Amino acid sequence: DMLKGVPPSVALGRDTTMLREIVDKTAERLGTDLKDQPEVQIELGLTLAQVYYDLQLYKKTEETVRETLRLARAAFGEENLYVADALSLLGRSLVALRGLKEADIVAHQAIAMQRKLRGEDSLQEAVSLGVLGNLLIQERKLGEAETAHRAALAISRKRLGNYGGEVAHALGGLNVVLENEGRLTEAEDAIREALAISRKLYGEEHPYVASAYERLGRTILSGSADRLPEAEAYLRKALEIEER
């Protein structure tokens, strides 16, 4: 519970120096204090990896999740939920680190294993599809990226309705794809919906809200020159929130 308090603290702009020290010390003790409790060790490793990801420490995320993946395979075999969730986190860190070739393999493995073990249309599958979609955007495979993000969006809406965090994330990914495809009206509609969801969930002062304002400004900027003042207003709004 204490470790999971890190991401909200980051989002609220608090000084996280002490929290980062706690995370690092916890990571150091995983292999000693919990070596006879593999299930606890693995669950805590996954939590730590997610916290490192939320702190944008992607190399730390990769290192932690690789060790957790090794432990999960050693303790429970090649196919189990721990391995599936670790693969999903590894894929996210590799996309952030631009390790695209391995990320492609890992993302597909995660999706297949989530479907096999949890059944189709789990939220964990939606997260893995989002990872794949972001990877495909970087590879400029926009048609495939759109398919992945639309699938993630459909699952997220099915599980959470129209006001879930994963719905907003999927809409954000779809916005990037549609903007790159030149489908600016659709792209703007997607990011406006993502912005509305994020404001409802997190309030106005949150990095996810700032990111949505930025994406909205960028999308408008890609279109008509007549709307430059509107784009500027959204970009300034994003900057103000990020600075605070």
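Quick look at the values:
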| item | result |
| --- | --- |
| Label-to-label distance, nm, for residues given as I22 and E39 (7 Å Cα→Cβ offset) | 2.6 nm |
| Square roots of 5 times each gyration tensor eigenvalue, C-alpha, region 100-181, largest first, Å | 19, 17, 8 |
| Value of Rg/Rh across region 190-244 [Cα atoms, Kirkwood radius] | 0.98 |
| Euclidean distance between Cα centres, region 127-189 to region 204-232, Å | 18 Å |
| The chain, relative contact order in percent, only Cα pairs under 8 angstrom and at least six apart counted | 11 percent |
| Cβ-Cβ FRET estimate between R115 and L228, R0 fixed at 51 Å, reported to 0.05 | 0.70 |
| Cubic angstrom per residue, convex hull over Cα atoms of region 85-244 | 107 Å³ |
| Heavy-atom accessible surface of the chain: percent carbon and sulfur, 1.4 Å | 50 percent |
| Accessible area of the chain divided out per residue, in Å², using a probe of 1.4 angstrom | 52 Å² |
| Modelled FRET efficiency - R0 45 Å, N80 with R183, Cβ distances, 0.05 increments | 0.65 |
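The values are calculated or read from the model by the stated rules, or taken from the named source; none is laboratory data. It should be emphasised that the depicted structure is a prediction, and the values quoted were computed from it without experimental measurement. For neighbour counting, all protein chains shown are included, and Cβ atoms are generated from backbone atoms with ideal geometry for every residue, glycine included. Remember, those area values only see protein heavy atoms, side chains included, never the ligands or the DNA or RNA. Shrake-Rupley method; radii C 1.70, N 1.55, O 1.52, S 1.80 Å.
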